[in-house]
Structure formats: structure tokens, C-alpha cells
Amino acid sequence: MARVRWLVPFLMPLLLASAQAADVVFPPGSRVGIAPPPGVVVSKSFFGFEDREHNVAIVIVAAPAEAYAEIEKASTPEALKKQGVTFENREALTLPTGNALLVIGRQEAEGIKLRKWILVASTSELTAIITAQIPDAAKEAYPDDAVRAALTSVAVRAEVPVEEQLSLLPFRVGELAGFRVGGLLAGRAVMLTDAKPNATESKVEAHLIVAVAPGGPAQAGERETFARELFGTIPNVKDVRITTSEALRIGGQQGHQILANGKDPTGTDITIVQWLRFGGGAYMHHIGVAPTDGWTKAYARFRSVRDSIEPR
């Protein structure tokens, strides 16, 4: 028993650290999370947390790692004043993630007087920017100590699980066909790619972009013109020559396919496919690009992804 008592002072910090880590909540799709104060819930409108009844919002933004130094220099009373924020305090912190800066000020927005907290945390991979807006009327429910504890609990996870990223899309992707998620715009689009993360080489790799947009021509006779105009907006291709442009059905709905050859900015021969799928007052836009010498395999994979997609 004496030995157990002797170990308690050493174990308690570890137990407390584990408990704090377990309390951290990552908004869906975000690498940055915090242990939110009681009363807020994960927002469905932005990365962060909110309490609509009290007009409280905690917004999380992930910026490039090099942004920290720039923000640190720019976080002056004069700069805040230009944004309508009256400076109160600025404090340098050292957090488990690295160096951090906490700036506190006051602001009035839409007739609501509030206190604004801005935590900027530096990590080797990104800069986390967390902004909390606490109206004066909500101060009792969100005291300073609770807000400060929430902001300084900031944590960064190594990656966002693929399933979680894809859950942010308005459609389901049933088959990735060996691609990885290279980028995602919540509620709108995803890019699947063979390129390695943080690749610096200019070599083109097979990639597929899938997006949903409102509108699209209702009349079948207008769809080819619409498809060609949309195809003309594809960036970073040159010397393009369309080889086929035809109507087809995709997933039981009306669609259109364009196949073309061209070159990427480095002069590499590439082949491009564009599929449009119409219906429900919107259209789904697929753009697949791959080096011509690997086109046959890439095209089969593009089709596999395309045919697995269903609306939510």
C-alpha cells in the first residue's frame, strides 16, 4: 500500500493529461480541436462550436505553418482597431503544441457587445487560429476561466480519417479505387489523387475531381453546348483536342461525356475525361486527368469511382 501511495504523485499528472486529451473534440473535417466549454455544440455551419441561444461562437481555422510569424507581427492594437476590435491584452504562451499567442479585445457586432478572444498556436505542420466571441450577456454562462481553458486546450491530430472527410460531401463515394483524398471542399467537392502528400515534383499524377453544383440545362438539346463550355474552364491544360463528345446515362440519369487529349504545363501528354450527370435541379461534374501513357488503367479507376457515387 505504501508503494501505491508513493506512486500517486507521479501518476496523477499523467492521468490528468489523458483525461484532458480525451475531452478534446475535433469538428468533422478539422485537424484542429479543443476541449469546448460546457454549453456549446459542434457547428454545422463552420469549423468550430456554437451556442445559438447565447450568440456564442468559437471558430477554428487551420492556416499554413509560416502564417504564425506573420500573425504574431500583425496582432497589434492598431491592426485590431482597423477590424473594429478594441485591444485589451496580449499574452505569449507555451502550449503542448508549441508557441502560442492569446489576444483579447472588445467588439460590437450587429448591436451586440462582446469580448473577443483570439488564440494563435504554432505547430510544425500548421498554424491553428481559434476565435471565441462571447457576448456580455453570456458572460455568466461563459466565464473567462472557462473560455481560456478551452482555447489553451488546443490539439492537432495527424490527419482527418478518410471516412470523416467524405462524410462532409453531399454525396457518398463507395469506391476510392486506390486513390487518396487530396483535397475537399465541404458540401461541394472532393479531389482524389495518386500524388503523394506534400509532393514537390511537377510530374502529373492521375487525379479525379468530383463536384456538385446547382442548375444545369433542363433541355437535352442544350447539354452538349453546356458540357463544352464547362470543359473549357478546366485549368492547367493546353493544346487540348476533344476526341469525343456524346450523351450517355450515368447512374440511371441523363449525362454527357467528353474525352480529350492535351498537355499539362510541363508539356507531358495527358488525357482528360469529363462526365456530367444531370438531375434534381443540379448536376454532378467529374474531371479525370492522367498521363496518356497510363490512361487505360486510370480510366477504369475513374469509372469505378464514378459508378460508386450516390446522392445522400
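The values are calculated or read from the model by the stated rules, or taken from the named source; none is laboratory data. These numbers come from a predicted model, not from an experiment. A quick note on method: Cβ atoms are made from the backbone with ideal geometry, for glycine too, and the neighbour counts reach across all protein chains shown.
Overview of values
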| quantity | calculated |
| --- | --- |
| Only one of 292, 271, 243, 266 that is hydroxyl-bearing (Ser, Thr, Tyr), touching a strand residue (DSSP E or B) at 6+ places or on another chain (Cβ under 7 Å) and exposed (fewer than 14 other Cβ atoms within 10 Å of the Cβ) | 243 |
| Long-range neighbours under 6 Å by Cβ, at least six apart or interchain, first residue more than 21 Å from residue 267 (Cα to Cα) within region 278-305, second of a type in the set (Asp, Glu) | 304/175; 305/175 |
| Criterion (in the same structural domain as residue 304 (by TED's automatic domain parsing) and either touching an Asp or Glu at 6+ places or on another chain (Cβ under 8 Å) or under 14 Å from residue 282 (Cα atoms) (or both)) met by exactly one of 215, 232 | 215 |
| Pair list, Cβ < 6 Å and 6+ apart or interchain, from region 118-147 residues that are without any contact (Cβ under 8 Å) to a residue 40 or more places away in the chain to residues that are surrounded by 14 or more Cβ atoms within 10 Å (Cβ to Cβ) and in a helix (DSSP H, G or I) | 119/151 |
| Residue among 282, 300 that is modelled with pLDDT under 95, within 29 Å of the chain's Cα centre (by Cα) and small (Gly, Ala, Ser) | 282 |
| Strands (runs of 3 or more DSSP E) contained in region 194-291 and holding at least 2 residues more than 27 Å from residue 178 (Cα to Cα) and out of contact with any Pro (no Cβ under 7 Å at 6 or more places or on another chain) | 238-250 |
| Complete set of residues in region 82-122 that are at positive phi and touching a strand residue (DSSP E or B) at 6+ places or on another chain (Cβ under 7 Å) | 84, 98 |
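Listed here are the residues, each with its yes/no results for (1) closer than 22 Å to residue 155 by Cβ; (2) of a type in the set (Val, Ile, Thr); (3) modelled with pLDDT of 95 or more.
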residue	(1), (2), (3)
2	no, no, no
35	yes, no, yes
47	yes, no, no
58	yes, yes, yes
94	yes, yes, yes
115	no, no, yes
